[in-house]
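Reviewing the structure listed below.
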Amino acid sequence: MEKSKFYFKRLLLSILLLITISCATTFSRRVNFSSQYQPGDTYMGIRLHGTLALENVAINGLKLNELSDLAWDEDENLLYAISDNGVLFHLRIAIIENQLTKAILVSAYPLKNDKGGLLVFKDSEGLAILKGNNGIKGDSELLISFERHPRIARFTPKGELLEDYTLPAALQDIKNYYEPNKALEAITIHPRLGILTAPEWPLKLGQKTSDFLQGEYEHSIFALDGKQWQIPAYPALNSGIVALEALKDGSILVLERAFVSVFQPFIISLRRVWLSDDGKKNKVEQVAVFDSTKGWKVDNFEGLTHHRGKFFFMVSDDNNSSLQRTLLSYWELVPQSKTTLLKTKPLSFLEKLGLF
């Protein structure tokens, strides 16, 4: 009798495991982020800990593509990803000995309006989390910023609208932005300053088209009370802010993307910024630069979130193109040493084009 109970329990556990697996989609494979640096290597101010390519699978009828930003929920042990199309994806992440090994897509939810219907105006870009690390399950909330129709709103992890925030006057009118598609690209929650957001490119006021072509302009980071801070853009053509991530010490990681054409370098810049009280004397430190002509398999990276300790996730937007990939990269912030030698192995012609 006891033996039959034992086998029955094992059968029940096996059935439950199969149900769990069937309800989730494994869709990741390990890839190289660089032809010169391997997982475990240190490059500038980061140490690499693995990169995954995510397949464009669908769950709940919603296809995973065009990911714009990330947010880590410590209480739920979930990684949230928001897409340009207004869909929230929930992922489980496997990390073994600090190396990113697998991602599992477990659910997806479309963003909804205040009446419970689907959002008409989407183009969701920035993502940040509230109450995601307070030891209480089920109370997490997500802040999302939007382009084209500038907006910051608070949602549940299932895409239900909770509240709209009032934007500073300068950010409310899309005509103030350089382009409709260069609006509120990034959002974060600062431990002292509260909600911060940034357009991908600066507002029209005080900027010239020639500044962008020459890579000489300043970005602005805004608080909801209207206060703003200027930081110089990374010195590359068309470099725009794509993600912000505030840290506990008050500094902010700023992710920038510079793309002109397939015939010029694709550059992703990661910098750390300390905002001053007067908004002018802001300290900027270069953390890393990923250049497609220097062996980096750079794709359209535009999402960033803190994981644990000094570890972070970074994700790329595949633009719903068969020529691009959704890459999820995992790395660690490390102290920079002036004596660190960067690898300088000559690149092949195809590597310079970013194809291998």
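For the residues E185, E160, E179, the requirement of being charged (D, E, K, R) and under 26 Å from E332 (Cα atoms) singles out E185. If you go through the range 252-299 and keep only what is part of a loop (DSSP other than H, G, I, E, B), of a type in the set (G, A, S) and under 21 Å from K182 (Cβ atoms), you end up with just S261.
In the set (1) touching a Ser or Thr at 6+ places or on another chain (Cβ under 9 Å); (2) part of a strand (DSSP E or B), R92 fails one condition alone, (1).
One line per residue, one yes/no per condition, for (1) surrounded by fewer than 22 Cβ atoms within 10 Å (Cβ to Cβ); (2) within 16 Å of L130 (Cα to Cα); (3) modelled with pLDDT of 95 or more:
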{"site": "G50", "(1), (2), (3)": "no, no, yes"}
{"site": "I59", "(1), (2), (3)": "yes, no, no"}
{"site": "L67", "(1), (2), (3)": "no, no, yes"}
{"site": "N77", "(1), (2), (3)": "yes, yes, yes"}
{"site": "I82", "(1), (2), (3)": "no, yes, yes"}
{"site": "V87", "(1), (2), (3)": "no, no, yes"}
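Note on the range 104-164: no enclosed strands (runs of 3 or more DSSP E) hold 2 or more residues that are surrounded by 14 or more Cβ atoms within 10 Å (Cβ to Cβ) and free of Cβ contacts under 8 Å to residues at least 12 places away in the same chain. You will find that of E125, E179, E185, the residue that is over 18 Å from the mean Cα position of the chain (by Cα), more than 21 Å from E76 (Cβ to Cβ) and not aliphatic (A, V, I, L, M) is E179 and no other.
Within the set V260, V289, V273, the sole residue that is surrounded by fewer than 24 Cβ atoms within 10 Å (Cβ to Cβ), free of Cβ contacts under 8 Å to residues at least 24 places away in the same chain and among the β-branched types (V, I, T) turns out to be V260. Of the residues K102, K137, the single one that is in contact with a Ser or Thr (Cβ under 9 Å, 6 or more places away or on another chain) and within 23 Å of H307 (Cα to Cα) is K102. Of all the listed residues (L167, L205), the sole one being part of a loop (DSSP other than H, G, I, E, B), at pLDDT 90 or above and hydrophobic (A, V, I, L, M, F, W, C) is L167.
Here are the criteria: (1) under 18 Å from S239 (Cα atoms); (2) modelled with pLDDT of 85 or more; (3) out of contact with any Phe, Trp or Tyr (no Cβ under 8 Å at 6 or more places or on another chain); (4) not charged (D, E, K, R). Tell me which single one V334 does not satisfy. Of the numbered conditions (1) under 18 Å from S239 (Cα atoms); (2) modelled with pLDDT of 85 or more; (3) out of contact with any Phe, Trp or Tyr (no Cβ under 8 Å at 6 or more places or on another chain); (4) not charged (D, E, K, R), the odd one out for V334 is (1). Residue-level check: of (1) at pLDDT below 95; (2) touching a Leu at 6+ places or on another chain (Cβ under 9 Å), F155 misses just (1).
Picking from residues in the range 127-147 that are among the charged types (D, E, K, R) and in contact with a Leu (Cβ under 7 Å, 6 or more places away or on another chain), the one that is farthest from F313 (Cα to Cα) is E147. On the stretch given as the range 41-89, residues that are in a strand (DSSP E or B) and closer than 19 Å to V120 by Cα total 9.
The values are calculated or read from the model by the stated rules, or taken from the named source; none is laboratory data. As the structure is a computational prediction, the values presented were derived from the model and not from experiment. Glycine also receives a Cβ, built like all others from the backbone with ideal geometry; neighbour counts cover every protein chain displayed.
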